[in-house]
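The values are calculated or read from the model by the stated rules, or taken from the named source; none is laboratory data. Here the structure is a predicted model, which means the values were calculated and not measured. Cβ placement follows ideal geometry from the backbone for every residue including glycine, while neighbour counts extend to all protein chains displayed.
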Amino acid sequence: MAVIRKTTGNFLEDFRVGQLLRHKVGKTVTEGLFNAFTEFSMTTNPLHKNRRYARAYGYRDMLLPPGLVMNIVFSQSVEDISENARVNLEYINMRFGAPVYLGDTIESESVVLGVKPSGRDPDRGVVHVQTTGRNQDGAVVLTYERKVQVWKRNVQAPVTDATIDRVPTVACTLWLPPYDPRGRYRELAHLSNADTYFEDFTPGDVLEHSRGRTMTTEHIALTAMSDNTSQVHSNQHLIDQSPERFIGGQLIIYGGIPFNLCLGLSCPDVADNALSDIVYTSGRHTAPIFAGDTVFASTEITGTREYPDRPDLGVLETILRGHKYARQNGRVEKVEIFHLERSLAVKRRSHYA
């Protein structure tokens with residue numbers, strides 16, 4: 001009888017440019033998952049809370065909030081892409097497509113776009129991937145690129161710096177319900193905030209969102225619910241074996257959690273009357289968070305423009321920033337933890353209220 005020590009996930013030397021990784025399992029959206037993430041993030045948009053409201057707007061059912069869609073697709077890629085990662089570096093061109101409802105099933109795949117060994121640290125490097133999630137009908141619900149710093153299994157293993165010749169084109173068209181001039185939208189206007197219509201936003205304004213949420217060890221359960229298997233979020237014993245390899249020498253809260261939380265904290269002031277998020281052009285985690293940290297958020301309005309062929313909507317351009325407070329050099333300082341360039345499709349008061 002043999003003792004076989006299993007390993008999971010890929011290390012830097014395992015990736016090949018152009019490689020297609022079809023991620024295992026998939027995930028059907030249950031009410032438990034929907035409720036856990038939606039309530040945790042403190043989102044307020046009635047499309048994610050009120051079935052009657054969502055159907056009145058032309059959706060089949062309550063919509064998953066964008067942060068949960070992101071978490072499901074991202075987490076499916078973790079075992080193949082970042083189970084052996086040190087840190088997630090950047091999100092690029094995250095585009096939303098078909099709406100996701102309770103009962104939908106999402107499956108995902110990734111293409112390796114680039115592999116780059118570190119010029120300074122021979123035990124690690126950066127992997128660049130494109131990940132796409134589709135529903136049970138094959139419609140794209142989300143597609144994006146990300147860069148992640150991954151450990152080597154063998155420090156001496158040769159890794160060639162390589163980039164794909166052409167990034168694959170993924171057709172991803174945001175679906176929005178058509179405007180119905182006979183719709184009874186105004187009868188439901190009291191269910192969302194009165195000051196978050198497109199007409200209410202002015203470029204240059206910065207909205208400091210009033211709510212915060214203190215992170216506890218509940219983040220471990222949320223990470224498990226999303227199927228994220230990265231050990232830096234759940235295995236303290238692993239970290240204790242070589243704490244110098246891991247930021248802070250303790251469990252780092254999975255980045256999808258502050259991502260989702262910052263979206264939710266901003267919702268009452270920015271997204272309460274949004275029909276959908278459109279695209280996240282660029283995003284990054286600028287500092288880690290740990291159990292005991294309290295997360296806050298702010299939104300800078302960077303632009304407004306017409307939504308093509310939709311006079312009932314406008315496009316709101318923003319930068320969402322998350323922050324915490326930490327004691328440094330004997331005093332408490334504000335530390336930015338998250339940065340996201342975000343575009344939303346927002347209702348006009350003239351048509352809906």
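I'd like to know if region 291-305 contains one or more residues that are in contact with an Asp or Glu (Cβ under 9 Å, 6 or more places away or on another chain), over 28 Å from Asp180 (Cα atoms) and buried (at least 22 other Cβ atoms within 10 Å of the Cβ). Yes - at least one qualifying residue is present in region 291-305. Among the criteria (1) touching a strand residue (DSSP E or B) at 6+ places or on another chain (Cβ under 6 Å); (2) of a type in the set (Val, Ile, Thr); (3) not in a strand (DSSP E or B), the one Ile239 does not fulfil is (1).
Restricting Gln156, Gln136 to residues that are loosely packed, with under 14 Cβ neighbours inside 10 Å, among the polar types (S, T, N, Q) and modelled with pLDDT under 95 narrows the list to Gln156.
Residue-level analysis places Gly133 outside the set of residues that are farther than 30 Å from Arg55 by Cβ, touching a residue at least 60 places away in the same chain (Cβ under 8 Å), in contact with a strand residue (DSSP E or B) (Cβ under 7 Å, 6 or more places away or on another chain) and in a strand (DSSP E or B).
Scan region 294-306 for residues that are within 17 Å of Leu263 (Cα to Cα) and either part of a loop (DSSP other than H, G, I, E, B) or of a type in the set (Val, Ile, Thr) (or both) and the total you get is 5. Can you find a residue that is under 30 Å from Glu107 (Cα atoms), buried (at least 20 other Cβ atoms within 10 Å of the Cβ) and free of Cβ contacts under 8 Å to residues at least 24 places away in the same chain anywhere in region 214-227? Looking through region 214-227, none of the residues is under 30 Å from Glu107 (Cα atoms), buried (at least 20 other Cβ atoms within 10 Å of the Cβ) and free of Cβ contacts under 8 Å to residues at least 24 places away in the same chain. For region 1-9, does any single residue satisfy the condition of being among the basic types (Lys, Arg), farther than 28 Å from Met215 by Cα and assigned to a loop (DSSP other than H, G, I, E, B)? Yes, because at least one residue in region 1-9 is among the basic types (Lys, Arg), farther than 28 Å from Met215 by Cα and assigned to a loop (DSSP other than H, G, I, E, B). Of the residues Thr196, Thr217, Thr223, only one is β-branched (Val, Ile, Thr) and closer than 30 Å to Arg349 by Cα; which? Step by step, each of Thr196, Thr217, Thr223 is checked, and only Thr196 is β-branched (Val, Ile, Thr) and closer than 30 Å to Arg349 by Cα. For region 143-151, state whether one or more residues are farther than 24 Å from Phe11 by Cβ, loosely packed, with under 15 Cβ neighbours inside 10 Å and at pLDDT 95 or above. No; the residues of region 143-151 include none that is farther than 24 Å from Phe11 by Cβ, loosely packed, with under 15 Cβ neighbours inside 10 Å and at pLDDT 95 or above.
Does Thr216 fit the bill of being part of a helix (DSSP H, G or I) and among the polar types (S, T, N, Q)? So Thr216 fails the test. Which residue is nearest to Val148 (Cα to Cα), if the candidates are limited to region 232-278 and must be in contact (Cβ under 8 Å) with a residue 60 or more places away in the chain, crowded, with 24+ Cβ neighbours inside 10 Å and among the polar types (S, T, N, Q)? Ranking the qualifying residues of region 232-278, first place goes to Asn260. Just to be sure, is Asp309 at pLDDT 95 or above, assigned to a loop (DSSP other than H, G, I, E, B) and crowded, with 18+ Cβ neighbours inside 10 Å? Taking the combined requirement at face value, the residue does not satisfy it.
So for region 261-283 (the condition being touching a Gly at 6+ places or on another chain (Cβ under 6 Å) and either in a strand (DSSP E or B) or among the small types (Gly, Ala, Ser) (or both)), does at least one residue qualify? There is no residue in region 261-283 that is touching a Gly at 6+ places or on another chain (Cβ under 6 Å) and either in a strand (DSSP E or B) or among the small types (Gly, Ala, Ser) (or both). When Ser230, Ser192 are checked against the criterion of being of a type in the set (S, T, N, Q), in contact with an Asp or Glu (Cβ under 9 Å, 6 or more places away or on another chain) and under 30 Å from Ala353 (Cα atoms), a single residue qualifies: Ser192.
Examine region 93-109 for a residue that is on the phi > 0 side of the Ramachandran plot and either buried (at least 16 other Cβ atoms within 10 Å of the Cβ) or in contact (Cβ under 8 Å) with a residue 40 or more places away in the chain (or both), and state whether such a residue exists. Yes - at least one qualifying residue is present in region 93-109. Among the conditions (1) in contact (Cβ under 8 Å) with a residue 60 or more places away in the chain; (2) out of contact with any helix residue (DSSP H, G or I) (no Cβ under 8 Å at 6 or more places or on another chain); (3) among the aromatic types (Phe, Trp, Tyr), the only one that Phe290 does not satisfy is (2).
Screening region 31-118 for helices (runs of 4 or more DSSP H) wholly inside it with 2 or more residues that are at pLDDT below 95 and of a type outside the set (A, V, I, L, M) returns the ranges 31-41. Quick check, is Ala189 surrounded by fewer than 17 Cβ atoms within 10 Å (Cβ to Cβ) and under 21 Å from the mean Cα position of the chain (by Cα)? Taking the combined requirement at face value, the residue does not satisfy it.
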